[in-house]
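Report on the following structure.
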Amino acid sequence: MLDPGHGGRDPGALGVSGRTWEKYNALFVALDAKALLEQAGATVVLTRTSDTYPTLAERVQLAHSHGADLYISIHNDWNQDANIRGVTTYYWHERSRRLAEVLQAELTVRLGTRSVGVLRQPFYVIRNTQMPAVLLELGFLSNREEEARLADPAYRWRAAEAIYAGVLRYVTEA
Ligand SMILES: [Zn+2]
């Protein structure tokens, strides 16, 4: 299950330039990752495939009703400090830690960016799902350079490749 964060009436974070919205960046990465994973034979369901807003409870319920093996929520970060940059992977339950570590490693290398770290936070969608679940923050929209990267289709494709590679490693190294 891939979960592009936000959507519809909830745009998520606005880039520092005022031109980039998190909800679109997240959706495009999810669609790319879906294509890559499906090529490899995975069954991939998205919590949304367009600019709509399923509630957090609906997203979790969707994952359970599909019997999802993994849940990956995709976001862009924002911080008051415009200098902060890098990629972060959040998990909550211990069962999700290895997935978080593998995805964080792939993202850091393939995006050539700083690793903020693998952190524990009880975000709704990773706390209430019953399968290994992580929430990815692919970079900071509050940082001018990262905002430009996150809006670049080639960069988003690399993020999707990192998700694909991480899932592949997760399931083959299990
Ligand atoms: Zn978000």
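Would you check if V44 is in a loop (DSSP other than H, G, I, E, B), among the β-branched types (V, I, T) and at pLDDT 95 or above?
yes
Would you confirm, using the coordinates I've provided, whether R97 is in contact with a His (Cβ under 8 Å, 6 or more places away or on another chain) and either modelled with pLDDT under 95 or under 25 Å from A42 (Cα atoms) (or both)?
For R97, the condition - in contact with a His (Cβ under 8 Å, 6 or more places away or on another chain) and either modelled with pLDDT under 95 or under 25 Å from A42 (Cα atoms) (or both) - is not met.
So for the stretch 81-95 (the condition being out of contact with any Asp or Glu (no Cβ under 6 Å at 6 or more places or on another chain), of a type outside the set (F, W, Y), surrounded by fewer than 24 Cβ atoms within 10 Å (Cβ to Cβ) and in a helix (DSSP H, G or I)), does at least one residue qualify?
yes
Within the stretch 68-81, is there a residue that is of a type in the set (G, A, S), under 21 Å from L111 (Cβ atoms) and in contact (Cβ under 8 Å) with a residue 60 or more places away in the chain?
Taking every residue of the stretch 68-81 in turn, at least one turns out to be of a type in the set (G, A, S), under 21 Å from L111 (Cβ atoms) and in contact (Cβ under 8 Å) with a residue 60 or more places away in the chain.
Can you work out which of the residues in the stretch 54-80 that are within 16 Å of the ligand (Cβ to nearest atom), aliphatic (A, V, I, L, M) and not in a helix (DSSP H, G or I) is nearest to M131 (Cα to Cα)?
Filtering the stretch 54-80 for residues that are within 16 Å of the ligand (Cβ to nearest atom), aliphatic (A, V, I, L, M) and not in a helix (DSSP H, G or I), the one nearest to M131 (Cα to Cα) comes out as I72.
Among the candidates A33, A57, A63, single out the residue that is at pLDDT 95 or above and either surrounded by fewer than 21 Cβ atoms within 10 Å (Cβ to Cβ) or at positive phi (or both).
Within the list A33, A57, A63, the selection yields A57.
The values are calculated or read from the model by the stated rules, or taken from the named source; none is laboratory data. Just so you know, these numbers come straight off a predicted model, no measurement behind them. Neighbour counts are summed over all protein chains in view; Cβ atoms, including those assigned to glycine, are modelled from backbone coordinates with ideal geometry.
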